[in-house]
Amino acid sequence: LGTNDDFKSLCTKARSLGISVIIDGVNDNQKAFLMHQLGYEQRKDYSMEYFQGKYLRVIASGVFEGAFPKVTYNPANGRFQLHLTMNTKPSMKLSFGGSISSSSLNQAYVGFAYSHINRAASVYYAGGLLGTYYNAVSFGGRHDLYTNFPFFLQYSYSWEQFDFSENH
């Protein structure tokens, strides 16, 4: 590749020929989940424009993180290959927080989240607030399922207690 025009002609070729995708850094179930989320199985004309929208949606979901995609061209067979190095984010997260004030409105927070990717991307979470006026506990989950359109199942339960009667 010598000039900018050569590069532009290769980009046009990539749009018309399609691209094969290679994913590294994840297990086979996660790879199948990613290929489905990227829409690779459904399309023979896998263009860069189509990939960009799907890839950004996968990254924005917060389940995966990835390095910058790399595209290579093989002049022998005239095909392009898209190399993705993907990683899952840590599967467990423990959160602590709170608010300390000079009045009696102090609060503490503890939260836990666990994520798992198999046939679906699942996240389970629990959290609690403990304070003088307000106490709360919540837990729930979310499952992003294999479908041809974005579909997820999310559920949660919360319990709250307000205590205005105490002389604080």
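Being under 30 Å from Phe139 (Cβ atoms), touching a Phe, Trp or Tyr at 6+ places or on another chain (Cβ under 7 Å), assigned to a loop (DSSP other than H, G, I, E, B) and open to solvent by less than 60 Å² (accessible area, probe 1.4 Å), is that true of even one residue in the range 77-99? Scanning the range 77-99, I find at least one residue that is under 30 Å from Phe139 (Cβ atoms), touching a Phe, Trp or Tyr at 6+ places or on another chain (Cβ under 7 Å), assigned to a loop (DSSP other than H, G, I, E, B) and open to solvent by less than 60 Å² (accessible area, probe 1.4 Å), so the answer is yes.
Listed here are the residues, each with its yes/no results for (1) in contact (Cβ under 8 Å) with a residue 60 or more places away in the chain; (2) open to solvent by 60 Å² or more (accessible area, probe 1.4 Å); (3) outside any strand (DSSP E or B).
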site	(1), (2), (3)
Ser102	no, yes, yes
His116	no, yes, no
Gly127	no, no, no
Asn135	no, no, no
Ser138	no, no, no
Gly141	no, no, no
Gln154	no, yes, no
Gln161	no, yes, no
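Got a number for residues in the range 130-145 being of a type in the set (Ser, Thr, Tyr) and under 19 Å from Phe112 (Cα atoms)? Give the steps one after another, and end with the answer.
Filtering the range 130-145 for residues of a type in the set (Ser, Thr, Tyr) gives 132-134, 138.
Among the residues that remain, those that are also under 19 Å from Phe112 (Cα atoms) are: 138.
Within the range 130-145, residues that are of a type in the set (Ser, Thr, Tyr) and under 19 Å from Phe112 (Cα atoms) number 1.
For the structure I just gave you, tell me whether Ser122 is polar (S, T, N, Q), exposed (fewer than 14 other Cβ atoms within 10 Å of the Cβ) and at pLDDT below 95. In short, no. Restricting the range 22-42 to residues that are within 16 Å of Gln81 (Cβ to Cβ) and modelled with pLDDT under 80 leaves a set whose member that is least open to solvent (accessible area, probe 1.4 Å) is Leu38.
The values are calculated or read from the model by the stated rules, or taken from the named source; none is laboratory data. All of these numbers come straight from a predicted model, not from anything done at the bench. So basically every Cβ, Gly included, is an ideal-geometry build from the backbone, and we count neighbours across all protein chains shown. Just so you know, the surface numbers come from the protein's heavy atoms only, side chains and all, with ligands and any DNA or RNA stripped out. Shrake-Rupley method; radii C 1.70, N 1.55, O 1.52, S 1.80 Å.
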